[in-house]
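The values are calculated or read from the model by the stated rules, or taken from the named source; none is laboratory data. Just so it is clear, the structure is predicted and the values come from calculations on it, not from any experiment. Every residue, glycine as well, gets a Cβ built from its backbone with ideal geometry; the counts of neighbours run over all protein chains shown. These accessible areas exclude ligands, DNA and RNA; they are computed on the full protein's heavy atoms, side chains included. Shrake-Rupley method; radii C 1.70, N 1.55, O 1.52, S 1.80 Å.
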Amino acid sequence: MAGDWYLYEVFQAFLSAPAYHLLLEAFLVLWILRLILTKSYKPHKTRLGAKEKEELIAEWTPEPLVPDTPSDHYTLHPRVVDGKPGKTVTINGKKILNMGTLNFLNMIENKAMEEAAITSLKTYGVGSCGPRGFYGTVDAHLQLEDKLAKFLGVEEAVLYSFGFSTISSAIPAYAKRGDVLFVDAGVSFAIQQGIAASRSHVRYFKHNDVDDLKRLLQLQADTDSKHPKRARVIRKFVIVEGLYLNYGDICPLPELVAIKQEYCVRLFVEESLSFGVLGASGKGVTEHFGISVDEVDLICGSLENALAAIGGFCCGKSYVIDHQRLSGLGYCFSASMPPMIASAAITSLEQLENNPDIFSALVRNSRWLHEKISSIPGVEVGGDPISPVKHISLKDCGENGEQETRMLEEIVQEAENQGVALTVARYLHNEEAHPLRPSIRLAVSSSLTQPDLTLALRVISNACASVHRRDLDAVE
Amino acid sequence: MQAAGLVNPNTSWLNSRGAWLFYILIITVGHLILLSFPFLSVAAVWTLTNTIHNIVTFTVLHTLKGTPWMTADQGKSRLQTHWEQIDCGTQFTSTRKFFTAVPVAVFILASFYTKYDTVHFFVNSLSLLFVLLPKLPQFHGVRLFGINKY
């Protein structure tokens, strides 16, 4: 066959080729030529001419370094704190009772922790400033991860250097574009950042409303049954907080676990506040409800609140957690936590294990204050009675958030004058997903004794009464 | 077109001139191997070269989706074919032009060496259609009849 082949014949064939064939070839050649001759877009080279540069510079008006702020704005009148904000705090040179910082177990003033940190500092220095996967890991990190995993009864824990970035790195490590997140409307700002970074679809359900969550999951299930191919490739997550920072109440975990089984979703619980607070030995919301930690797919916690260290952790099954060592952006690209902080956190955990009484003391203090503050006229206390975070807001203030905030600020100032440090809960209102009610965020500590509690109650009660009276006078 | 903060290693290698040369060499070597079979006519070999090339590029560039690398795009490329990921979805880049021109060149050569035979023409032009249509900017992200959508 090949022997029959001559180039001459081919040219003969070309000359007698059918017209449709030649037309197609001509069209293709012209099309390709046009494609080649049109200007190529060069992906990485955008050069600006001198004129364009000048135009851009002329267009640009710099924002003021300090925006226009009313003179009574709280950032212009900072409270200067000296020393450790422990059971008492020194504000503007005056030592008063501290109920403003999230120092639930008063670990800040724990001597053993301090000594452990100093010893570790002498051994390791201040740390390598390298990420964990890049010369940043020392044995203290591994010991703390082991210790956390053992303490919570999980397979593995992974450490982050900053509490806020723990959950905001963990969510986008699992939830990707196209996935669906069912999120409680009351979640804190860190979770909202994680949700935004995940690029997933978000469905907010009403705060602590299990029926609303079921409704949304049912809607999703209906959509999924219409598009089974799509449903096969999307993941569904339910994201809640154990103890809500912005509300002070506890998530209905037993119902959530039942829902998780019914609708086949993954359950993430953020335990920044509940870790070291809820449960008979401080293991968090799972221990509080007597639910196995294995029922929750991912637990994130902070070492910054109850443990008085710095950083955060995620824990759960090794299969789930290990993924973060290459996909958790905060883990991969942030410098590891200073080893002395890790050593301090280890000691702090040991202290929790050795003194289980502090948890009952914390619950007792929280309950007592909740009951007493609720009975102050004109005041509402949000949250669970056993929660050490309480949101005190004013009744009969209507929708006027600004006025309520102003009155709360006055109460805080009055309480400070009388010897108790409180704080108004501060939010980035323009960036929060849902509006939040103005409140005083009261933090209870296990180290408060009965005289301290009585003092705190009396001061809060007096401050509320005097501000209410002043407010009434102003109206008249 | 979107901002490309980080390189997608799944497609960035296609921009190198070495990869272009390698692509042409692969076609040439494959063609020479087919020519070495004595029982195949030159016309059959050219049609085979063209069809195999089109089947392979259609599979690799237009049906396989996602990337084996972890990129910072939060799973955007999970639903994109290899072709759609090239230059982060930017159209009319030189890489796209090159990879569009090569199948047309192979088709014209195949037409020439098959003496403009009708049967060969039918096979070659049909397979060409499968690799040219998905490369058009108008078909970027389009999944006809929802095939291979998720």
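Values as computed for the structure displayed
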read-out	value
Long-range amide H partners of residue A:183 with built H, under 5 Å	A:203, A:204, A:205, A:239
Loop sites in segment A:361-415: GluC sites (Glu not before Pro), DSSP, at most 13 other Cβ within 10 Å	A:399
Calculated FRET value between residue A:82 and residue B:148, using beta carbons and R₀ = 51 Å, to 0.05	0.20
Between 0 and 90°, nearest 10: helix A:163-174 axis offset from chain A longest Cα axis	30 degrees
Share of alpha-carbon pairs per 20 Å distance bin for the protein assembly as shown, given as whole %	16, 36, 27, 15, 6, 1
Cut-off of 10 Å, at most 12 other beta carbons, DSSP loop: longest stretch of chain A lacking such trypsin sites (Lys or Arg not before Pro)	A:48-394
Pairwise burial A:B, computed as accessible area of each alone minus the pair, summed, 1.4 Å, Å²	3400 Å²
Solvent exposure of chain A as accessible area per residue, Å², 1.4 Å probe	51 Å²
Along chain B, longest interval not containing exposed trypsin sites (Lys or Arg not before Pro), exposed being DSSP loop plus at most 15 other Cβ atoms within 10 Å	B:1-142
Net charge contributed by nearby residues that have their C-beta within less than 13 Å of residue B:142 (K/R +1, D/E -1)	+2
Vicinal HN-Hα couplings computed from phi for segment A:269-280 (Karplus, 6.51 cos²θ - 1.76 cosθ + 1.60; Hz; Gly/Pro x)	10, 9, 10, 4, 8, 6, 5, x, 10, 7, x, 5
Rg/Rh (Cα only; Kirkwood hydrodynamic radius) as it applies to segment A:110-354	0.99
Derived scalar couplings ³J(HN,Hα) [segment A:91-102; Karplus, 6.51 cos²θ - 1.76 cosθ + 1.60; whole Hz; x for Gly, Pro]	10, 6, x, 10, 8, 9, 5, 9, 10, x, 9, 7
Calculated [θ] (222 nm, deg cm²/dmol) that DSSP helices of n ≥ 4 give over the protein assembly as shown, each run adding -39,500 (n - 2.57)	-15000 deg cm²/dmol
Cβ-placed point charges (K, R +1; D, E -1), dipole of chain B about Cα centre in debye, nearest 20	220 debye
Built amide H within the under 5 Å cut-off of residue A:199, gap 5+	none
Label point distance in nm, residue A:202-residue A:232, each placed 7 Å from Cα along Cα→Cβ	3.1 nm
25 Å Cα-Cα reach of residue B:76 towards lysines, excluding residues that sit fewer than 8 places from it in its own chain	A:42, A:45, A:176, A:226, A:229, A:236, B:65, B:97, B:135, B:149
Per-residue HN-Hα couplings for segment B:98-114 [Karplus 6.51, -1.76, 1.60; θ = phi - 60°; Hz; x = Gly/Pro]	4, 6, 7, 6, 4, x, 5, 4, 5, 4, 5, 4, 5, 4, 4, 7, 9
Exposure rank, largest accessible area first [A:97, A:76; 1.4 Å]	A:76, A:97
Loop chymotrypsin sites (Phe, Trp or Tyr not before Pro), segment B:11-73, which have at most 16 other Cβ atoms in a 10 Å radius of their Cβ (DSSP)	B:39, B:69
Positive minus negative residues near residue A:433 (Lys, Arg vs Asp, Glu; Cβ under 14 Å)	-2
Segment B:12-146: Rg to Rh, with Rh as the Kirkwood radius over Cα pairs	1.01
About the Cα centre, charge dipole magnitude for the protein assembly as shown (Lys/Arg +1, Asp/Glu -1 at Cβ), debye	2200 debye
Sequence of A:160, A:174 when ordered by accessible area, the most exposed leading, probe 1.4 angstrom	A:174, A:160
Inter-chain Cβ neighbour average for residues B:107-117, partner chain, 10 Å	5
Long-range amide H partners of residue A:312 with built H, under 5 Å	A:160, A:161, A:162, A:163, A:303
Area of residue A:129 that stays accessible when all protein chains are in place (1.4 Å probe, Å², to 10)	110 Å²
Whole-number percent relative contact order across chain A, with pairs defined as alpha carbons under 8 Å at least 6 apart	19 percent
Within-15-Å neighbourhood charge of residue A:295 [Cβ basis; K, R +1; D, E -1]	-3
